[in-house]
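The values are calculated or read from the model by the stated rules, or taken from the named source; none is laboratory data. Here the structure is a predicted model, which is why all the values come from computation and not from measurement. Because the Cβ atoms are built from the backbone with ideal geometry, glycine has one as well, and the counts that use them run over all protein chains shown.
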Ligand code: SF4
């Protein structure tokens, strides 16, 4: 690793550690809008002249939030709410929540009651995939744009939206290139490093992320490949918004070469094509092709073809699934996915967590056993 390489990666480390502080000092002068899920496209928030900030949690105890919401619900959502109650998100001017799952939808009103913002919006994403659902989604995009316009006090032109989409597409292209380096055996970049980059990108304006990505990318691309070959894993499941688990897995000698998670391949590996119009492009990307288990795509196991395609493209030999307690969408999909992968000869290990990694030693032992098994397969 060269001197320049060290410098850029050290910067990444620093930015990642302080990612929740990067926008706090108000230096940019722009309004900052927190959002929980990509159904409400961050591109529209940027096109309105504001900075989208992906709301994430901080593993640890949930105390204050449990006075306001039932404790038997998604620990990730409750933890995000807890951070805001503690004052960790006071720098946000607004909050956008999508009806991604029932946990997210239910927290909307409660969150607004206990922590009011200048702006709040519930984005209604339909759960079916019929033509009517598609029309509903497209109409909801327009409602969201109009709501943002009312808040900022000016119109958002289609030209501005196209420019913003182009910037986000560039970012996704750069990330796609980084992902492609994981197809190598052994990969030139680790799963933890990519997650660190993506999480940092959630907390800075997209144009700054673009500059940052180019620098980090060129450093990583110059790296020499090591010789050491190890089991190659896909990571599937609920949101993962820190690198602790990835680092633990990679420290055990496996490579996480691909993921199917929302701060990961789901939101970073596509391109939005606006040649058929802005709203059609956004609908194709965030409705048709957005493979979140919260959308009902019928009982056919072919809804998992895309998972198998990713496994083959990145040459993974096993899957680690990550399930947060009370996550109905992922719990509903898991048995079918496990059976589907089993039929294809791909082993899967499922890890349960309450968003604390409190059972870390038990998790470590199970993952060690899984990696050991793959090493001898
Ligand atoms: S982890 Fe599951 S329950 Fe929680 S917000 Fe995500 S989809 Fe909803």
Checklist entry - Does segment 76-90 include one or more residues that are more than 19 Å from residue 355 (Cβ to Cβ) and under 20 Å from the mean Cα position of the chain (by Cα)? => result no
Checklist entry - Would you call residue 377 in a loop (DSSP other than H, G, I, E, B), more than 16 Å from the ligand (Cβ to nearest atom) and either surrounded by 19 or more Cβ atoms within 10 Å (Cβ to Cβ) or modelled with pLDDT of 95 or more (or both)? => result no
Item to check | Options 362, 281, 369: the member that is touching a residue at least 40 places away in the same chain (Cβ under 8 Å), on the phi < 0 side of the Ramachandran plot and outside any loop (DSSP other than H, G, I, E, B) | outcome: 281
Next on the checklist: If the requirement is being in a loop (DSSP other than H, G, I, E, B), surrounded by 15 or more Cβ atoms within 10 Å (Cβ to Cβ) and within 16 Å of the ligand (Cβ to nearest atom), which of these qualifies: 263, 272?
Outcome noted: 263
Checklist outcome for this item: Picked from segment 324-346 (must be surrounded by fewer than 15 Cβ atoms within 10 Å (Cβ to Cβ) and in a loop (DSSP other than H, G, I, E, B)), the residue nearest to the ligand (Cβ to nearest atom) is 344
Checklist outcome for this item: The one condition residue 106 fails out of (1) within 16 Å of the ligand (Cβ to nearest atom); (2) touching a helix residue (DSSP H, G or I) at 6+ places or on another chain (Cβ under 7 Å) is (2)
Checklist entry - Pick from 14, 10: which is part of a helix (DSSP H, G or I), farther than 22 Å from residue 240 by Cβ, without any contact (Cβ under 8 Å) to a residue 12 or more places away in the chain and away from the ligand (no atom under 16 Å from the Cβ)? => result 10
